[in-house]
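Worksheet for the structure shown next.
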């Protein structure tokens, strides 16, 4: 019997204009946690989709326990004991946890197919006990936390007796505590003999749980290494192809006059009168990066909406360069304010527009991009090509690529290019590095720093602790809509910051 | 060089769209033949499908009838397609068309105004009827489909009531039970023929309406694709949130988009009635004008492309006229509607066809490239 439970040998998968997987070999041992590391667009998801039967490879073979198999669709994968937790969960929101788990393999009896839920419930509870996957089987999926939704997805695989479990970027949506718990669960699963493929681009997580790691770069396999004997620096170099500077080199600057001044700003919810942003006052000056930290959902999004004009504020004043813009329209504000939005698909881009159309989204009505109401396509093309080159935005067909078909990192770069090039004094960046790989994160943080060094005011909203401690000159912590702490990142530890974020401590 | 690239990309996409629509039409006709065969197998081909396909070209008069019906259909097709492009479903084209008909006929029969003013009146009333659902959508977030359907019926009954006026309406001709014929009471309000009717067997209803409709199609194409206004409208249609984020006034754009859509449908009615293709019959009051709903078909078949709408409208009119020439001994004329319906239904699959065609093209290219590689 083979040492490997799954072997993917010399897999090649092509898409029009791109080789997503080029002769990739990946061998998964029984009972190991095997990380698949690579930047966005390196071919990780494609490779896993091949294994899960969503794509057919042009070349190469897949073996299970040494025997060649053909996986035509996810049903075949399932029959071979391969299960997958997708990055975006595939759950029916209005079904209970139990219903979701048994969906598609409902135990039924008799010619009428009467559901035998009691039996299913017993098995689910057993599994949940055995692997420490705490769920409430009767809760509606829409009501439970993201962490519990993920545990539901894991139970779905276990319920189907899958032995090979694929996790596609499972930590992207979790809080730090939930990540710790997931890591424990994964180790437990491996100890029980399950084999795990773990797709990620976070090096800490690989160091924490994985036994071995296969690194992909631009569709090619760079190598498979033993995690225990490989340093994080070596891993990131394998992934990016050059040395990565994760710690930022920041020169002290004396901040100048205030660009954004917020006084007693209050924003109330539409449904109830509870204040989402509660009497917030602060300022951002030239040459500094101020970071709003906090656990997700403590009013950061609403604060930004009020500042940028997407939401009306109920009380208080907003001054931009000394001018009262509290009631100004979005377009009036964008004359002095750039905004990298939290959700690049919802707000940042018109996905069905081309890259060039998106790059002029805030300027199409100005000369030279239009004249008397008619768009000047040549000028738009020239401008877009300039930005694409300067900000290294990569895409299949250059300026005419549909935004939808670009990778997340490059979509974000396009937004950043557009917003920075507006040359405004204030840049509001909301979670600008969310879901991006190391190389892109490094790039974006450097751009923010460059803006600060150029004398612009930067307001950063971030949920990532390392970003909060690394990037800004000042930290403001938001808790339940109010600012509860102002901290200097140079003298603040992660633990201290956590106390403010949890509302256990305050200093303003 | 960049320009060239975008051009070839655009034209190959256009080619694929057209090819997909043609595939829809071919399969639609084949299925239509099956339907004809089910009703009357013996005559399905010779007296059925062939009649539908041939009649439109059989005589100059038939050709003229096709053209006279194409012009208003282009307009309602543009109306629906324009709204589609901006993310709205204008199911109210029928109502806007009804109001347009009233505007045109009132100005012609009662006020004896010249044809272009009558057309303007049709446009204005259609625009008004389009604007109302737009306002409801923008300010109260009420789905435009619901409001538009209600206003279709409100418009229809209102217009019928005014025109009929209990048999004494100023526009109502008791002897024909329709509105007065413009040819008799106000020839000056008729859209000029400029020799068109002589070309098509002296059919008086063939006028320059078809050219007016084509001009509108080109104008809509330019607005949507070349102007900042079109850029904004499409941005709102694709992603309302992103449009808002970019500072685009989405409320204003929703209202404007519906107003323009209404105006286009209104002009459609003007082209139809001012060309005297038919008179309005206020007593057949239970049905909305089919022209409004056929606009949906026409827009769908053209994938909402304004230029494509010219051809899809021509095609639909062509087989509809063909349908009327079927021998009533074997079939009813509605069979043409059935075939159109099948074709439209298949249009829902046009994306599938597009992907197929794209894959075919790619395979073709690869094999020719492979051949070239072998030669070298």
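A short reminder: the numbers here are calculations on the coordinates, not readings from a lab. Everything numeric in this text was worked out from a predicted model, so none of it was measured. Neighbour counts are summed over all protein chains in view; Cβ atoms, including those assigned to glycine, are modelled from backbone coordinates with ideal geometry.
Annotations
- Judged by the gyration tensor of its Cα atoms, with axes a ≥ b ≥ c, region A:284-349 is rounded; a/c sits under the 1.5 cut.
- Ordered from longest to shortest, the equivalent ellipsoid semi-axes for chain A are 42, 28, 23 Å, each the square root of 5 times a Cα gyration tensor eigenvalue.
- Shape class for region A:153-280, computed from the alpha carbon gyration tensor (a ≥ b ≥ c): oblate, with a/c not under 1.5 and a/b at or below b/c.
- On Cα atoms only, tilt of A:117-130 relative to the major axis of chain A in degrees: 70 degrees
- At full extension, residue B:225 and residue B:112 could sit 36.9 nm farther apart than now, given 0.36 nm per residue minus the alpha carbon distance.
- Crossing angle, helix A:377-390 versus chain A [Cα axis fit, 0-90 degrees, rounded to tens]: 70 degrees
- Legend: calculated FRET efficiency, residue B:141 to residue A:314, from the Cβ-Cβ distance at R0 = 25 Å, rounded to 0.05, equals 0.75.
- Added length on full extension, which subtracts the Cα-Cα distance from 0.36 nm per residue, residue A:94 to residue A:237: 47.1 nm
- The GNM of chain B, with springs linking C-alpha atoms under 10 angstrom apart, assigns the highest mean-square fluctuation among B:345, B:139, B:106 to B:139.
- Helix A:438-453 axis, angle to chain A major axis (alpha carbon atoms, nearest 10°): 10 degrees
- The simple spin-label model puts a point 7 Å past each Cα toward its Cβ; for residue A:65 and residue A:279 those points are separated by 6.8 nm.
- Whole-angstrom gap from region A:150-222 to region A:40-73, using each part's C-alpha centre: 18 Å
- Length-normalised contact order of region A:424-508 in % [C-alpha pairs under 8 Å, at least 6 apart]: 23 percent
- Inter-chain shielding of B:225-238 (mean C-beta neighbours from other protein chains, 10 Å cut-off): 5
- Applying D = kT/(6 pi eta Rh) to region A:370-508, where Rh is the Kirkwood radius over alpha-carbon pairs, T corresponds to 37 °C and eta to 0.692 mPa s, the Stokes-Einstein value obtained is 191 µm²/s.
- Two-decimal Rg to Rh for region A:4-240 - Kirkwood Rh, Cα set: 0.98
- Across peptide B:245-257, the mean count of Cβ atoms from other chains lying within 10 Å of each residue's own Cβ comes to 4.
- Overall, the anisotropy analysis places region A:344-423 in the prolate class: the square-rooted eigenvalues a ≥ b ≥ c of its C-alpha gyration tensor yield a/c not less than 1.5, with a/b exceeding b/c.
- With a cut-off of 15 Å on the backbone N, no residue of region B:80-116 is near the modelled label site 7 Å out from residue B:324 along Cα-Cβ.
- Per-residue [θ]222 nm for chain A (sum of -39500 (n - 2.57) over DSSP H runs n ≥ 4, rounded to 500): -9000 deg cm²/dmol
- For the segment A:319-332, counting C-beta atoms of other chains within 10 Å of every residue's C-beta and taking the mean gives 1.
- For the peptides B:20-31, B:296-307, B:160-171, the ranking by mean Cβ contacts within 10 Å, running from highest to lowest, is B:296-307, B:20-31, B:160-171.
- By the Cα gyration tensor, region A:11-73 has an equivalent ellipsoid whose semi-axes, rounded to whole angstrom, run 19, 16, 9 from largest to smallest.
- Fraction of alpha-carbon pairs over 29 Å apart in chain B - percent: 47 percent
- Relative contact order (%) - criterion: Cα under 8 Å, at least six apart; region: chain A: 14 percent
- For a modelled paramagnetic label at residue A:466, 7 Å from Cα along Cα-to-Cβ, the residues of region A:185-203 in reach, with backbone nitrogen under 20 Å, are A:198-203.
- Length added when fully stretched, residue A:146-residue A:187, from 0.36 nm per residue minus Cα-Cα: 12.8 nm
- Using R0 = 22 Å, the C-beta based FRET efficiency linking residue A:2 and residue A:208 works out to 0.20.
- Listed residues B:221, B:245, B:330, most fluctuating in chain B (Gaussian network, C-alpha, under 10 Å): B:245
- Helical contribution to [θ] at 222 nm, DSSP H n ≥ 4, -39,500 (n - 2.57), averaged over chain B, rounded to 500: -24000 deg cm²/dmol
- Relative contact order %, chain B, counting alpha carbon pairs below 8 Å whose residues are six or more apart: 33 percent
- Förster radius 60 Å - calculated FRET efficiency between residue A:9 and residue B:185 (Cβ-Cβ, nearest 0.05): 0.10
- Ratio of the Cα radius of gyration of the protein assembly as shown to 2.2 N^0.38 Å, where N counts its residues: 1.13
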